[in-house]
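The values are calculated or read from the model by the stated rules, or taken from the named source; none is laboratory data. If you're wondering where the values come from, they're calculated on a predicted model, not measured in any experiment. Ideal geometry is used to build each Cβ from the backbone, glycine not excepted, and the neighbour counts take in all protein chains shown. SASA here: full protein model, heavy atoms, side chains in, ligands and nucleic acids out. Shrake-Rupley method; radii C 1.70, N 1.55, O 1.52, S 1.80 Å.
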Amino acid sequence: MRVEFCKNGIQINECQYILLIGFLLLLDVTFGNDNEAAPESHTLLPAKVVWGVTGKDVELPCDVTPPIPSDSVKMIFWFKDSTGMPLYSLDARGGPLSEASHLAMTDELGSRSYFIIDEEPAKARLRIQKINAEDEGVFRCRVDFINSPTRNFKVNLTLVVQPSQPKVFDVEGKEVNSDAGPFLEGRELFLSCQVNGGRPRPSVSWWHNGTVLDGVIDSSLESYKIVNDLVISRLPRNFYGTYLECKASSSHLAGDIVRKISLKVYLKPNKVKIVSPNDLLSVNKVHTIRCETSGSSPPAKLSWFLGGKPIKSSTLTEEVTDSFTTSLLTLNVEAEDDGKYLVCRADNPRYPGGSTEDRRQIHVAYPPKVAVKSDTGLTSPVKEGANVVFKCETVARPDPHGYNWYHDGHLIQYNNTAGLQPMDNILRMAKVTKSSDGQYSCSAANTEGETYSSPFTLTVQYAPRCAKGFEVMRVGALSHEALTVDCHVDALPEVTRFSWTYNTSKGVLPVQGARIHNENGVSTLHFVPGTADLESLACWATNSVGRQEKPCLFYIIPASSPESPHGCRLRNSTTGGVEVTCVAGNDGGLPQSFVLEVTDIAIPAQPPSVTTLSDQGERSLPLYRVLGEHPTFRLHSLKPDREYQLLVYAVNAKGRSAPPVVLSKVKVEVPVDTVQENGSTVIPIIAGEGSPPTSQSLTLILLVLTAIASLLIVGIISVATILACRKRPPAVTGQSTTRHKPPDDMELSEAGFSEGFQRRSAHYRASLYLQEIDRNSRQATGPDLILTPTAFCVQQSSEY
């Protein structure tokens with residue numbers, strides 16, 4: 001297909017010829033003389049608007065379809081605006097339209113124009129390349145047919161004007177330059193895109209990842225301003241790290257003006273998990289528990305809670321990356337934590353209320369918690385003979401595998417004969433007795449340890465019974481004196497009534513008319529026998545539980561002098577000095593006291609077997625005596641490297657024991673080595689001259705210390721002795737009759753055998769007896785033989 005152009009200033013005969021023919025043809029068509037055919041030949045269709053973009057090609061349509069199928073196109077002319085000269089033409093008179101000659105009539109516009117003949121005549125069009133502002137206007141396409149009337153098509157070529165660059169504003173009306181936000185995941189997002197101008201009316205739309213979000217124009221406040229507001233009520237998570245696009249365009253031909261806005265989105269944690277196994281936690285171990293979270297931006301902070309209370313951060317270790325946070329909890333659990341919920345909570349510090357948590361119920365292994373309870377609801381006290389069942393109530397994890405029962409701290413063994421049946425956590429006691437009284441506790445053990453319960457105090461009420469050691473007593477009777485007898489019983493609750501009987505050859509008779517005093521489980525009987533064949537007394541007691549089954553018996557025997565102590569030993573005293581311990585002999589039916597005499601062997605003395613009072617005056621008087629209720633004496637004044645003789649005997653109202661126990665040639669040294677015997681340190685006792693000497697230096701030190709101690713003791717004793725002796729009756733100057741026994745009971749201020757009374761009576765009698773011995777010795781030897789005031793005054797305590 002050939003296209004030729006006629007250019008100004010160039011003489012081309014053929015071009016001039018064609019122009020001339022076209023011009024004549026135009027005149028012929030336009031101004032023909034056939035008036036009736038003229039309207040059909042100048043048919044003009046409505047103008048069609050075609051938009052074009054400066055710098056781009058545009059195609060102006062022209063339908064060349066013949067009205068009659070048998071007809072064909074003869075000529076095609078393109079005109080612009082009111083210009084009468086065609087800017088482009090096609091001549092098809094010589095053949096089919098596809099072989100027509102193309103001719104551009106103008107210099108600039110025509111050179112950019114070309115008529116395209118499509119296979120479909122209705123789609124024929126004029127293409128103008130790279131249009132500019134001067135190309136805008138109304139174009140007319142004239143189509144001449146061989147037989148049909150001429151057809152005209154008007155095309156309004158209008159240039160597209162793009163709007164201004166889009167501007168984006170946030171919810172506060174502030175312009176967004178690069179990044180928008182921060183926005184919160186799941187919360188509302190608002191952005192407004194605005195453009196000015198544009199022809200035709202521009203479109204403004206929001207896009208995300210190639211998908212349109214909002215293409216609806218929300219408002220046009222002014223004729224030149226277009227606004228599109230983007231509102232996302234719940235911002236999806238996938239908007240994190242992406243951007244939005246605001247696209248504005250007046251025509252698709254002109255393309256889109258795009259504004260990209262990066263989004264700053266804060267994400268809440270989407271995953272939190274306690275990843276450590278949910279094992280049984282022991283109270284005896286330290287446990288490390290791991291929690292992980294991800295999906296938060298910025299990274300989440302992890303916090304721990306146990307039973308609703310926060311755990312101190314000092315036990316936490318945290319590892320943080322861009323999208324991952326790990327927390328290690330060091331946990332020490334207690335038994336009270338069993339069953340509580342352990343919570344790991346992830347919080348985004350920039351996302352208020354956007355926390356996520358994982359929780360688990362923990363199970364704690366702890367030693368048993370035990371308590372003793374009465375399984376039958378029985379409360380203490382109980383009466384003797386009742387059946388008691390105790391239960392060891394236990395709370396433990398894991399369950400206990402063993403139980404033990406204890407009575408007053410001693411393990412209870414199974415004893416069916418005694419009625420004790422400990423079976424696991426149950427203790428059965430059949431027919432409890434007084435011995436069952438006490439504190440009961442249990443212990444339970446599991447893998448975590450063994451725990452002991454607090455004691456349960458069981459009080460057993462029982463009928464009265466004789467106190468230990470007072471079941472059968474011997475009472476020494478003195479002629480023409482009243483018997484004073486103490487009946488000691490144990491009972492719970494307290495005794496409410498005592499009764500006495502006496503046994504003679506005539507039988508058992510109740511005691512009547514006697515003076516009886518009852519107090520604190522002791523009944524004191526002052527009884528004057530009315531017959532000489534009194535054999536025994538019996539004491540009965542009664543309380544709310546019942547009457548005493550077996551009475552306390554008191555056998556009446558003639559009073560006699562006591563037996564001598566035996567088994568005497570010397571040992572070191574824990575309070576210092578020497579301790580002499582003996583075993584008491586028979587008391588002769590009367591309360592007895594014990595006397596120890598210390599004599600320095602360096603002073604000549606008579607053999608110890610001499611026991612008469614007149615003979616005692618002929619030997620050396622003792623340095624001092626010690627009087628006590630029990631045959632145990634502590635001596636603090638024995639000097640080292642001296643030899644002593646110790647005499648121990650018993651005294652009661654009938655006299656003294658004979659012969660006395662004699663410990664002769666007792667020599668005390670400062671010990672170099674001590675000997676342990678039965679838990680006590682025994683001081684070396686040396687008898688005779690063959691004993692090895694001790695160290696001279698140690699002896700000297702001991703002598704100095706002993707001298708100082710002796711001076712202090714002698715001073716104290718002297719003061720006490722002077723005060724005591726001032727109260728003594730004046731000494732008898734004449735020769736007195738020697739007495740071989742203590743004064744009669746009628747000379748004493750009190751008589752009787754109650755516990756406190758007996759003690760005072762025995763001490764008083766022994767004191768008078770010893771004073772009499774001292775007076776006789778003094779009268780026999782004269783005042784020059786008096787060594788110490790202790791020969792006249794007897795110390796009433798067991799220590800000197």
Say we look at the stretch 120-136 and pick out the residues that are open to solvent by less than 40 Å² (accessible area, probe 1.4 Å) and farther than 17 Å from F153 by Cα; which of these is nearest to the chain's Cα centre (by Cα)? I131
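For the stretch 411-420, state whether one or more residues are surrounded by 15 or more Cβ atoms within 10 Å (Cβ to Cβ), free of Cβ contacts under 8 Å to residues at least 12 places away in the same chain and of a type outside the set (F, W, Y).
From the stretch 411-420, those surrounded by 15 or more Cβ atoms within 10 Å (Cβ to Cβ) are 412, 418-420; that's our starting set.
Still in the running and free of Cβ contacts under 8 Å to residues at least 12 places away in the same chain: 418, 420.
Of the ones still in play, those that are also of a type outside the set (F, W, Y) are 418, 420.
Yes: one or more hits.
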Does the stretch 245-258 contain at least one residue that is open to solvent by 10 Å² or more (accessible area, probe 1.4 Å), assigned to a loop (DSSP other than H, G, I, E, B), among the charged types (D, E, K, R) and more than 28 Å from T321 (Cβ to Cβ)? yes
What tally of residues in the stretch 189-205 results from selecting those that are surrounded by 18 or more Cβ atoms within 10 Å (Cβ to Cβ) and farther than 11 Å from A248 by Cβ? 3
List the strands (runs of 3 or more DSSP E) inside the stretch 145-217, counting only whole elements, that have at least 3 residues being of a type outside the set (S, T, Y) and within 60 Å of the chain's Cα centre (by Cα). 179-184, 189-196, 203-208, 211-214
Every residue from the stretch 363-385 that is free of Cβ contacts under 8 Å to residues at least 60 places away in the same chain and either farther than 30 Å from T447 by Cα or more than 33 Å from the chain's Cα centre (by Cα) (or both): T376, G377, L378, T379, G385
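Yes/no per residue for (1) open to solvent by 30 Å² or more (accessible area, probe 1.4 Å); (2) modelled with pLDDT under 80; (3) not small (G, A, S):
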residue	(1), (2), (3)
T612	yes, yes, yes
G617	no, yes, no
F633	no, no, yes
L638	no, no, yes
E643	yes, no, yes
L647	no, no, yes
A653	no, no, no
Among the residues of the stretch 481-518, which ones are open to solvent by 70 Å² or more (accessible area, probe 1.4 Å) and either in contact with an Asp or Glu (Cβ under 9 Å, 6 or more places away or on another chain) or touching a residue at least 40 places away in the same chain (Cβ under 8 Å) (or both)? E494, T496, R497, S505, K506
Exactly one condition in (1) open to solvent by less than 30 Å² (accessible area, probe 1.4 Å); (2) free of Cβ contacts under 8 Å to residues at least 24 places away in the same chain; (3) not hydrophobic (A, V, I, L, M, F, W, C) is false for G402; which is it? (2)
Members of the stretch 53-100 that are in contact with an Asp or Glu (Cβ under 7 Å, 6 or more places away or on another chain) and either modelled with pLDDT under 90 or loosely packed, with under 15 Cβ neighbours inside 10 Å (or both): A100
If L24 passes every condition in (1) at pLDDT below 50; (2) under 20 Å from F153 (Cβ atoms); (3) of a type in the set (A, V, I, L, M, F, W, C) but one, which one does it miss? (2)
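From the list V364, V372, V382, which one is at pLDDT 90 or above and in contact with a Lys or Arg (Cβ under 7 Å, 6 or more places away or on another chain)?
On inspection, the qualifying residue turns out to be V364.
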Over the stretch 106-119, the set of residues touching a residue at least 24 places away in the same chain (Cβ under 8 Å), open to solvent by 40 Å² or more (accessible area, probe 1.4 Å) and of a type outside the set (F, W, Y) is D107, S111, I117
Of all residues in the stretch 259-284 being in contact with a Phe, Trp or Tyr (Cβ under 7 Å, 6 or more places away or on another chain) and not in a strand (DSSP E or B), the one that is surrounded by the most Cβ atoms within 10 Å (Cβ to Cβ): K268
Take the stretch 117-130 and flag every residue that is closer than 14 Å to P96 by Cα and in contact with a Lys or Arg (Cβ under 6 Å, 6 or more places away or on another chain). none
Strands (runs of 3 or more DSSP E) within the stretch 319-427 that include 3 or more residues over 30 Å from K309 (Cα atoms) and of a type in the set (F, W, Y): 402-407
Does the stretch 122-138 hold any residues that are under 22 Å from P67 (Cα atoms) and either touching a helix residue (DSSP H, G or I) at 6+ places or on another chain (Cβ under 8 Å) or assigned to a strand (DSSP E or B) (or both), and which are they? R125, L126
Considering only residues that are over 18 Å from S374 (Cβ atoms) and not β-branched (V, I, T), which ones fall in the stretch 409-432? G409, H410, L411, Q413, Y414, N415, N416, A418
What single numbered condition from (1) touching a helix residue (DSSP H, G or I) at 6+ places or on another chain (Cβ under 9 Å); (2) aliphatic (A, V, I, L, M); (3) crowded, with 20+ Cβ neighbours inside 10 Å fails to hold for V155? (1)
Only residues in the stretch 335-362 that are closer than 16 Å to K273 by Cβ count as the first member; pair them with residues that are assigned to a helix (DSSP H, G or I) and not hydrophobic (A, V, I, L, M, F, W, C), Cβ under 7 angstrom, at least 6 apart or cross-chain, and list the lot. I362/D337
Complete set of residues in the stretch 446-466 that are outside any strand (DSSP E or B) and among the acidic types (D, E): E448
